[in-house]
Amino acid sequence: MTLLQSNSATVTRQDCLALDANDPLAAARSLFELPSGVIYLDGNSLGALPKAVAAAVQKTVTQEWGQDLITSWNKAGWMNLPQEIGGLIAPLIGAAQDEVVVADSTSVNVFKALADALQRQSKTSPKRSKIISERGNFPTDLYMAQGLSSLLNQGHELVLIDSLDAYGTELNAVLGTDSAVVMLTQVDYRSGRKLDMKSVTQKVQAAGALMLWDLAHSAGAFSVDLNGANADYAVGCGYKYLNGGPGAPSFIFVAKRHQEHFTQPLMGWLGHAAPFAFEPDYRPAPGMIRAICGSPTVLSLIALRAAIQTFHTAIAKGGLPALADKSTALTQLFIDLAAPLAQQHGLTLAAPAQSAIRGSQVSFSLANGQQAYAVVQALIAQGVIGDFRAPNILRFGFAPLYVRYVDVFDAVALIAKTLNTGYWREPQFQTRNAVT
Ligand SMILES: *Cc1c(COP(=O)(O)O)cnc(C)c1O
């Protein structure tokens, strides 16, 4: 497939249809339930519904729960879902099957991974007290670090870097003998800046710190190679590009070399070596099972499993490289088509111009935050769903499995119309909802 080059003024709708016709992932779209008349550019926030999910959940509810009742824990493999689904996610993130389990939310998994990293450092290098992250990181990651530090009460301190380039150059100034762990989200949720996982991890480990990656905006958008980068820990989200549904459970990765001594403080009974022995004292299960706390959220896990199975079916032809190529091509096309518009209406590209360091999303900022909010609302009302991120960001996600080139063309046309006509000024687009 020829990717469009940067002079897209001449790209026509017809050209986009031709790109769709040649897209190795074209068939994937039919595996998803997508409402007609909607261009969905928010799969980075809540992935679309894979068609297989409804039937899978229905079967679990009516047969496994309704008829087979408690026997389904064994018979339907409910108990094993965290490991099974972890094994299905592993190849998407460059991990071995026994390095990933699915449980709890991303926030809780950040807590577990960070807790292990800090305790591990405190045993060998008690002076390593700094948790390093970015000020612009997704707040829950920072909050979990703050909560854990205050709980531990051992003098840990969260150090925030103001802006980090793709190779982590600014880390040089803060990494040192007091660094315990560096926690970074590979793709910035606002700007879409993608960090070079390998070089950043190397830099962090060379300073004696441990590396925790948040893959919320990476997993399922392009191929990730955790073991290729020698990552220590990773967490990620089930409901964004993995399409597991609202509030889907999250995954946690701990490198094999750390598993023997992996200790996390949420020592629930299902992380125990023998949960049904009901012993009074905790003994951790081997491997990643000890990352599990309580009962698996079966209905959510069944939805997520069907979604990941859909994912594997969808990429069967082109593999992960096709996914990454399309992500790059879609975001580049959007940037190129929107460029004249951006100039005309004061939209500033808030995403990296270079595709190598850009995730599968494109953001623009507007000087006036209220206008940015209203424009997004007006677009949603007309069927182009993106989202607004405070203070002034218009964010559009391009899930390569179901967004078409023609969708990019049509979305830009609608953005142009909305800005050119001033339709966004209508009063109904001015009031903020609880969820933006
Ligand atoms: C979406 C997202 C989360 C979500 O956390 P939950 O606990 O699953 O709600 C966490 N971190 C990042 C970077 C995210 O983008």
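The values are calculated or read from the model by the stated rules, or taken from the named source; none is laboratory data. As the structure is a prediction and not an experimental result, all values here were calculated from the model. Cβ placement follows ideal geometry from the backbone for every residue including glycine, while neighbour counts extend to all protein chains displayed. Note: accessible area is taken over every heavy atom of the protein model, side chains too, but ligands, DNA and RNA are not part of it. Shrake-Rupley method; radii C 1.70, N 1.55, O 1.52, S 1.80 Å.
Scanning the range 34-58 for residues that are of a type outside the set (S, T, N, Q), under 28 Å from residue 191 (Cα atoms) and open to solvent by 20 Å² or more (accessible area, probe 1.4 Å) turns up 34, 35, 37, 38, 39, 40, 46, 49. Residue count for the range 193-203 under the criterion of being within 16 Å of the ligand (Cβ to nearest atom) and out of contact with any Pro (no Cβ under 7 Å at 6 or more places or on another chain): the result is 4. Among the residues of the range 355-378, those identified as closer than 24 Å to residue 12 by Cα and without any contact (Cβ under 8 Å) to a residue 40 or more places away in the chain are 355, 364. With 192, 228, 245, 168 as the choices, which residue is open to solvent by 10 Å² or more (accessible area, probe 1.4 Å), touching a Lys or Arg at 6+ places or on another chain (Cβ under 7 Å) and either touching a residue at least 60 places away in the same chain (Cβ under 8 Å) or on the phi > 0 side of the Ramachandran plot (or both)? None of the others qualify; the one that does is 228. In this structure, does residue 380 turn out to be out of contact with any Leu (no Cβ under 9 Å at 6 or more places or on another chain), more than 16 Å from residue 406 (Cα to Cα) and either modelled with pLDDT of 95 or more or of a type in the set (Ser, Thr, Tyr) (or both)? So residue 380 passes the test.
Which ranges mark the strands (runs of 3 or more DSSP E) fully within the range 204-257 that have 1 or more residues being away from the ligand (no atom under 15 Å from the Cβ)?
In the range 204-257, the matching strands (runs of 3 or more DSSP E) lie at 210-214, 251-254.
Cβ-Cβ contacts under 9 Å between residues 6 or more apart (or on different chains), taken from a first residue in the range 410-436 that is in contact (Cβ under 8 Å) with a residue 24 or more places away in the chain to a second residue that is of a type in the set (Asp, Glu), are listed as 436/387. Here residue 289 fulfils each of the conditions (1) away from the ligand (no atom under 16 Å from the Cβ); (2) assigned to a loop (DSSP other than H, G, I, E, B); (3) among the aliphatic types (A, V, I, L, M) apart from (2).
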